[in-house]
Every structure is written in C-alpha cells, then in structure tokens.
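S.K.: Take a look at this one; I'll ask things after.
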Amino acid sequence: MKNKRRGSGPKKGKAEDPFFGNESKRRRRRRKSSDADFVESSDSGDDFFEGEAGEEDEGEEEAAVEETADEKRKRLAIAHLEELRKIAKRTEEQDDDYDDERGGGESEKESEEGQRDSLVAQILQQKQLEESGRVRRSIASRVQKPEASDQFQALVKHRQTVTAVALSEDDLKGFSASKDGTILHWDVESGRGEKYRWPSDEVIRSHGAKDPQGRASKHSKLVLSLAVSSDGRYLASGGSDRHVHLWDTRTREHIQAFPGHRGPVSCLVFRQGTSELFSGSYDRTVKMWNAEDRAYMSSLFGHQSEVLAIDCLRKERVLTVGRDRSMQLFKVPEESRLVFRAPASSLECCCFINNDEFLSGSDDGSVELWSVLRKKPAFIVKNAHALVAANKKFEQRDRETIPNGHLENGDHTSESFDSSSVYSWVSSVTVCRSSDLAASGAGNGSVRLWAVGSETKDIRPLYNLPLVGFVNSLAFAKSGEFLVAGVGQEPRLGRWGRITAAHNGVAVHPLKLS
C-alpha cells in the first residue's frame with residue numbers, strides 16, 4: 001500500500017488524510033499562506049503538538065468570526081433563557097423565602113431546577129400568547145393615578161400642526177409628520193430629532209412618482225399619515241400628492257414612490273412582522289403594497305366615501321373607517337369583508353384591540369367598542385370628550401369620572417356639556433398592544449385613558465391627561481410606560497377649528513405602573 005503522506009505529494013495527501021480533514025479552516029489558511037518548506041514538514045511531530053496545543057483557542061476564534069445567522073439566533077436564545085431563569089430564581093426566592101446557603105440533596109436541587117424551568121416555560125408561553133393577540137395583558141388596572149407634576153412634556157416641535165406620530169418596535173425611536181411636509185425622526189429619551197429631506201422633483205420621478213393630474217399643478221408635500229415597519233427598516237408616508245412614499249430609516253433617504261391613488265393618502269399601516277403595507281385614500285380604495293419588493297399587490301373596494309383611518313395586526317385583516325358611516329373589516333386571503341354600521345354621522349378613527357374586537361371614535365364625541373360577532377357597537381361612551389361650557393380656554397379640571405351622557409355618572413346636565421362642536425370630535429384612538437389599556441384624543445383639552453373590559457365588554461374611564469390642542473395622533477409604548485401624542489392648532493384633515501394656545505409638536509406623558 002502506498003503512503004499517501006509522502007513529501008512528494010503534500011497537497012493531495014492532506015486533502016485525503018483524516019488528520020488534515022479534521023483540521024480547522026483557520027490553520028489551513030495559515031498553512032497556505034506560509035512558505036513551501038513549512039508545508040513540506042507538515043507531517044513532523046512538532047507541528048502535531050503545536051496544533052494540539054492551540055486547537056481550542058483557534059476554534060473559539062473561528063466560531064466568533066464565522067458565526068452564521070442560525071448560530072447567532074441560537075446564542076441569543078440561550079442567553080435569553082438564562083436571563084429568564086435568573087428572573088424565575090429571584091421570584092422563587094421571594095415567594096418561598098429560599099435560602100441559597102442551606103444544605104440540600106441532589107434530588108432537592110433537581111426538583112428546584114425543574115420548577116424553575118417550568119416557570120420559564122410558562123413565561124415564554126404567556127409572552128407568545130400576548131404577542132399573537134390571543135391573551136390580553138392587564139395593564140389598565142396597574143396604571144396609577146397621575147400626580148399634579150405628571151404632565152405632557154413637549155418632546156419635538158413642528159412649525160405647523162402634527163398630523164401623525166409612530167413609534168418603532170423597540171420604543172426607542174419615534175417619527176412625526178406635519179402639514180408643512182416635515183418628517184422628523186427623533187429619540188424618545190432625549191428628543192433629539194433629524195429631518196427627512198425631500199429629494200428634487202426629478203429624483204422623485206425617477207423613484208416612480210407620476211406628474212400631478214387634474215386641478216393639481218405641482219406636487220404637494222403636505223403629509224397626512226405615517227407608518228413604520230416592524231423591523232424598523234422602512235418608513236411610509238402619504239399625503240395630498242396622492243403617492244405613497246417609502247423611506248429608508250437608516251439613511252433617511254427616499255427610496256420609492258408608489259403612484260395609483262386618485263386622492264390624498266389619508267392613512268397607512270404595515271402588517272405586523274411583514275413588509276406588507278396598506279394605504280387608504282380619499283378615492284375610497286385601500287391598496288396593498290410590498291415594501292421589500294417595491295411592488296403594488298392589490299386593491300380593496302367597498303367604501304362609498306373617503307377612507308379616514310386604517311389598522312392591521314399580524315393576520316391579513318384590515319380595519320378601515322370612512323365618512324360613509326361604516327367600518328369595514330377586509331379579510332384579504334378570503335377576498336371578503338364585514339361591514340359595520342355606526343349610529344354616528346361619521347367615524348373618524350379606529351384601531352384593533354385584538355383580532356375580534358376593535359375601537360372607533362366618531363365626530364359626535366362618542367367612543368365605540370365593537371365585536372366581530374355584531375354589526376352594531378357592543379358598547380358606546382357618549383360625550384367622551386365633552387366640552388365644559390363655562391371654560392372657554394379648553395383647560396378642564398381633572399375629574400374622577402368622565403361624563404358620558406348618563407345621569408348615574410354624575411349630575412351633568414345637557415346645558416353644561418356640548419358634544420356637537422368640532423373640539424369634541426374624537427380624532428384619534430389607540431390601544432396598548434395586546435392589552436386592555438386604551439386612549440382617545442380630541443380638541444377639548446385632555447387625553448382620556450380607558451380600561452376595556454374583556455369579560456364585561458365595556459369601556460371604563462380611568463384618568464384625564466390635560467393637553468391643549470387638537471390631538472390628531474396617539475401611540476402607546478409597547479410596555480405601556482408612556483404615551484405619545486401628536487398635537488396641533490388645527491384638526492388633521494381640515495381647518496374647521498383652531499386653538500391658538502396650542503403648541504404644534506409631539507408630547508410625551510409617562511405612565512406609572514404598579
């Protein structure tokens with residue numbers, strides 16, 4: 001039998017010999033880059049011992065350098081599990097007065113570790129159910145009453161009325177837009193912002209924009225809506241120029257313009273966990289886009305008037321409201337829709353609570369709770385943002401109870417409160433994701449916090465958060481620890497009211513949870 005490790009054929013011998021087959025890639029690269037004499041003496045005893053001594057360190061270096069995406073996910077998952085185990089251990093010590101220094105047998109230690117792992121599994125299961133929307137987090141009961149020092153603090157300033165605000169998935173970055181066409185990207189902690197700059201008309205046309213049609217003579221930069229993708233890569237904006245604009249949040253550069261709508265783009269939303277984007281317009285249609293592929297996908301029809309607000313969760317279900325006094329739930333894969341008729345004259349805003357329940361606000365000052373099983377509201381709060389006639393400056397006092405038109409909630413006569421004014425229109429509603437905490441905004445001088453009952457199917461008032469101006473957009477932090485509001489002197493979609501004492505900008509209010 002021929003010796004395959006002879007010096008006459010070093011390269012071929014190394015490839016076929018099992019010793020060199022187990023050799024690390026880093027050592028093979030090092031050997032290739034050295035001189036020929038070193039390669040010829042590769043079968044010497046010195047080289048064998050050298051490789052054996054440095055094998056462990058070199059393997060660790062290569063694992064750090066050439067870590068794949070799957071290996072990184074596995075490493076992060078293991079680290080997350082270890083962190084949960086530490087939390088479970090601290091909980092166990094607090095509940096059972098566990099003493100680390102006491103003696104115990106192996107069986108006792110194994111039992112404690114098994115209980116700890118069981119608690120970690122319960123935490124992960126609960127988190128997964130909350131993320132999917134199957135279980136509602138109880139946050140409303142944990143919100144403490146705001147103190148006198150707890151007020152909305154100005155975070156970002158705009159020259160004109162703020163029309164939309166959005167938060168990133170990790171609640172660290174925020175986005176806001178105003179009627180002057182300005183889009184800002186700011187840090188939640190410090191409030192430091194950076195401006196998105198619109199490219200020239202030639203660049204916008206090269207990105208897919210069409211020339212203005214009809215009465216419009218030039219592109220208007222008025223922005224009415226914003227949406228940020230779950231991975232934080234894309235920001236979508238829409239406004240009176242009838243286009244959906246796509247931005248790269250890392251570079252703040254304009255990357256695509258989607259034409260197709262024949263009216264102003266009034267609302268936008270990304271489907272959670274995907275790059276699918278839905279847009280609603282004054283042209284009564286809802287269009288579906290793919291931000292990753294930069295492509296138009298389909299259109300949804302059904303509204304008989306302007307589409308004003310839109311929302312979407314993980315499921316391919318789109319919730320919209322319009323000035324046709326209807327709220328519609330589009331089931332995209334089934335190509336069907338459910339139509340809900342509102343008793344109000346017009347619905348102004350909407351949002352999902354979970355896949356089967358949602359909230360809406362109307363221009364008669366009402367907040368409605370809906371269920372997918374009923375075509376009419378399951379619960380209505382009337383005069384949710386009523387005006388106090390005696391207070392002309394829109395500075396309402398904080399009250400334990402909020403008047404909703406019923407005598408049992410306080411002796412508030414119809415002469416004292418007015419819901420027909422534009423200042424009491426419910427212009428924005430939002431829900432802390434997968435929880436029972438909701439908020440609504442109008443122009444009456446305060447933001448309302450609500451508790452949505454999962455069993456009772458009702459809406460209970462919590463607290464009033466004073467804020468002067470039209471609250472055109474609201475966004476909860478995922479943790480429920482703060483609320484962001486976009487405020488302005490005018491309503492989002494018109495100029496039929498004005499509060500000169502208001503400051504155009506973004507305000508944040510911390511929430512203390514027990």
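Please treat every number below as a calculation from the coordinates, not as lab data. Every value quoted in this text rests on a predicted model; they were computed, and no experiment measured them. Don't worry about glycine lacking a Cβ; one is built from the backbone with ideal geometry, like all the others, and counts go over all protein chains shown.
S.K.: Ranked from highest to lowest mean number of other Cβ atoms within 10 Å per residue, what is the order of the peptides 136-146, 435-445? Show your work: numbers first, answer last.
M.R.: On the way: 136-146: 15.6, 435-445: 26.2.
Descending mean neighbour count gives 435-445, 136-146.
S.K.: For the stretch 224-291 and the stretch 150-171, what is the separation of their C-alpha centers, rounded to whole Å?
M.R.: If you average the Cα positions of each part, the centres end up 19 Å apart.
S.K.: Which links in K376/K512; K86/K145; K210/K287; K315/K478; K74/K512 stretch past 23 Å when you go from one Cα to the other?
M.R.: Values: K376/K512 35 Å; K86/K145 32 Å; K210/K287 17 Å; K315/K478 19 Å; K74/K512 35 Å.
Pairs exceeding the cut-off: K376/K512; K86/K145; K74/K512.
S.K.: Compute the separation of the alpha-carbon centres of the stretch 418-451 and the stretch 296-368 and state it in Å as a whole number.
M.R.: 17
S.K.: Let me ask another. Cβ neighbours within 10 Å, averaged per peptide: list 173-181, 291-299 in order, most packed at the top.
M.R.: Numbers: 173-181: 22.7, 291-299: 13.4.
The peptides rank, most packed first, as 173-181, 291-299.
S.K.: Here's a follow-up. Counting Lys and Arg as +1 and Asp and Glu as -1, what is the net charge of the other residues whose Cβ lies under 13 Å from the Cβ of E189? Please list the in-between numbers first.
M.R.: Working: positive: K173, R192; negative: D170, D171, D187, E481.
Here the charged neighbours net out to -2.
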